[in-house]
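The values are calculated or read from the model by the stated rules, or taken from the named source; none is laboratory data. As the structure is a prediction and not an experimental result, all values here were calculated from the model. Here Cβ is always computed from backbone atoms with ideal geometry, including for glycine, and neighbour counts include all displayed protein chains. Heavy atoms of the whole protein, side chains included, go into the accessibility calculation; ligands, DNA and RNA do not. Shrake-Rupley method; radii C 1.70, N 1.55, O 1.52, S 1.80 Å.
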Amino acid sequence: MDYSNRHIHSEMDDESQESMDACGDSSPYVPPHLPPMPGRERLQIQKSSVCSRAYFVVVMVFFHVYIINIIGLLFYVHYNNSPADIVSADGDTSASSSGVDSRLSPSDPPQQDPELDVRQSFSLPRIEGIRVGHVQRVSLKPDRIQEMKTLSLKPLLFEIPGFLSEEECGVVVQLAQLKGLMESQATVPPGDQEEELQPLLSLSPEETFSLLDLDQDGLLQRQEILSHSRSRDGTWLSPENLRQILTGQEASPAGVLTLEEFRRVCDGMSQHPLQQRGGTRRSQPKRKSRHTWLYQGPGSHHILHALRNRVTHLARLPSPLVELSEPLQVIRYEQGGFSHAHHDSSPSHPETTCSHTRLAGNTSAHTEISCRYITVLLYLNSVEGGGETTFPVADNRTYEEEALVQGGVDLTDTQQSCNRGNLRVKPTAGTALLWYNHLSDGKGWMGELDEYSLHGDCPVTRGVKWVANSWVNVDPDHQRQARYQRLVTHRQEGEPGREERETPLPHSNHHQDL
């Protein structure tokens with residue numbers, strides 16, 4: 001009996017040992033101390049496990065592969081849906097539209113087919129407002145971080161203190177005074193509107209040349225002609241005359257028009273080159289102010305050029321859009337000066353065309369409208385009394401024309417109801433306001449007019465008020481915007497000696513250059 005038991009136990013030990021060796025673990029299992037049962041010997045039993053080290057390794061491998069796949073999927077979704085790292089047509093990389101610590105850094109321009117859809121060349125990213133009162137940090141100047149505060153979501157409106165320095169504000173004011181300011185026009189009553197064009201006073205070719213020559217260098221360049229055709233001071237170059245002047249400029253060996261050459265071009269025109277449209281735009285606000293336009297292109301004052309670049313970085317838009325937009329408008333409101341509430345841009349209709357891209361259109365029969373995607377308002381001084389910028393319907397739940405008249409008071413009349421506006425911003429020197437005049441179309445381009453962008457200027461009660469408007473012009477028809485940019489870029493590249501003329505000139509004081 002003892003021999004039989006010992007034989008069985010020996011076979012069990014051999015099988016247990018083989019099982020443990022197959023699992024790669026030969027360490028014996030030592031059970032807790034138990035008193036030996038009478039008549040039997042203690043057995044040394046080893047633990048057998050089928051999920052030992054090899055099984056653990058397999059499980060961990062599959063777990064890590066699963067985690068890696070999840071991380072890869074998250075990165076794919078992020079980089080294919082995020083608005084970050086939008087590359088513009090000129091190779092600038094825009095910051096994410098979330099806008100925290102946004103910094104723009106140049107990159108190599110991508111090689112693109114000029115005939116591609118403009119949406120494939122660049123899009124129109126928008127800054128996220130998050131909520132009213134939200135503060136974002138932006139980098140607009142070297143080694144300096146500035147704050148940008150959301151003032152409203154309807155319209156999407158931001159305030160950037162310290163956008164300009166005190167010196168820059170003074171330079172812009174002095175340049176405007178040197179250029180000379182003209183009276184801003186008021187709206188003609190609706191019943192007195194006229195459709196025909198009237199000559200602007202009786203300006204001689206010399207006076208017209210001086211008005212078109214924005215940088216006052218005695219040479220009329222293509223950009224100056226196109227910029228003035230986009231001006232909103234009531235003066236216009238008709239499409240026919242515009243093409244005649246541009247043809248004369250192209251025929252010039254130097255690629256620019258001198259005063260003598262401009263006289264010869266004017267002699268061949270059938271009508272006065274500079275015309276004024278009498279009261280055909282009801283969107284033109286009633287105001288009391290004086291204004292002028294300052295050229296910001298190549299050869300302009302370095303501070304004006306720097307301001308344009310700063311606006312480009314702030315708006316996070318491709319630089320060609322900003323460079324081909326209107327010049328800087330500088331406005332002076334004296335005591336009692338104001339402007340009634342208005343929209344800077346206009347709604348688009350099939351029968352209308354944007355004034356800045358009309359040259360690229362195939363017809364001159366359409367009605368011109370302002371197409372301003374973004375407004376950047378710059379306060380050039382702190383006003384002693386009054387002069388606030390008012391947004392009468394900012395962040396209203398709904399927008400209705402009938403609601404603009406409350407208790408017999410018109411909210412668009414800033415002389416009577418400025419204090420009833422939903423949002424008022426007090427002018428502070430160096431502060432900038434940025435707002436979007438249009439909604440997004442959901443496809444990365446400009447959509448419908450944001451009616452909540454209605455704004456005006458309260459009357460100045462003490463002192464004077466200086467402001468500047470920097471607008472970014474965009475055509476809702478992206479194909480027409482693309483044709484316009486190709487047209488201008490092609491002609492600019494063909495101008496002889498353009499590189500020499502575009503070299504920025506050093507400025508030792510404020511009075512060298514307009």
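Filtering region 173-214 down to residues that are modelled with pLDDT of 75 or more and open to solvent by 50 Å² or more (accessible area, probe 1.4 Å), which residue is farthest from GLU368 (Cα to Cα)?
GLN174
Out of the residues in region 326-345 meeting the condition of being small (Gly, Ala, Ser) and outside any strand (DSSP E or B), tell me which one is farthest from LEU449 (Cα to Cα).
Step one: of region 326-345, the residues small (Gly, Ala, Ser) are 336-337, 339, 341, 345.
Narrowing the set further to residues that are outside any strand (DSSP E or B) leaves 336-337, 345.
Values: GLY336: 30, GLY337: 27, SER345: 7 Å.
Here the answer is GLY336.
Out of all the residues in region 406-419, is one or more under 16 Å from PRO155 (Cα atoms) and either touching a Ser or Thr at 6+ places or on another chain (Cβ under 6 Å) or open to solvent by 50 Å² or more (accessible area, probe 1.4 Å) (or both)?
No, because not a single residue in region 406-419 is under 16 Å from PRO155 (Cα atoms) and either touching a Ser or Thr at 6+ places or on another chain (Cβ under 6 Å) or open to solvent by 50 Å² or more (accessible area, probe 1.4 Å) (or both).
Answer yes if at least one residue in region 349-371 is more than 23 Å from the chain's Cα centre (by Cα), touching a residue at least 12 places away in the same chain (Cβ under 8 Å) and within 21 Å of THR428 (Cα to Cα), and no otherwise.
No, the conditions are met nowhere in region 349-371.
Kindly establish whether GLU384 is of a type outside the set (A, V, I, L, M, F, W, C), under 30 Å from GLU167 (Cβ atoms) and exposed (fewer than 15 other Cβ atoms within 10 Å of the Cβ). Spell out the reasoning first.
Working: of a type outside the set (A, V, I, L, M, F, W, C): yes; under 30 Å from GLU167 (Cβ atoms): yes; exposed (fewer than 15 other Cβ atoms within 10 Å of the Cβ): yes.
Yes.
Which condition number does PRO239 fail, the rest of (1) modelled with pLDDT of 85 or more; (2) open to solvent by 10 Å² or more (accessible area, probe 1.4 Å); (3) of a type outside the set (Lys, Arg) being met?
(1)
Considering region 309-334 alone, what residues qualify as being among the charged types (D, E, K, R) and farther than 18 Å from GLY170 by Cβ?
ARG316, GLU323, GLU326, GLU334
Which pairs turn up if I take residues in region 59-82 that are in a helix (DSSP H, G or I) and look for partners that are at pLDDT below 85 with beta carbon separation below 7 Å, at least 6 apart in sequence or on another chain?
Matching pairs, first to second residue: none at all.
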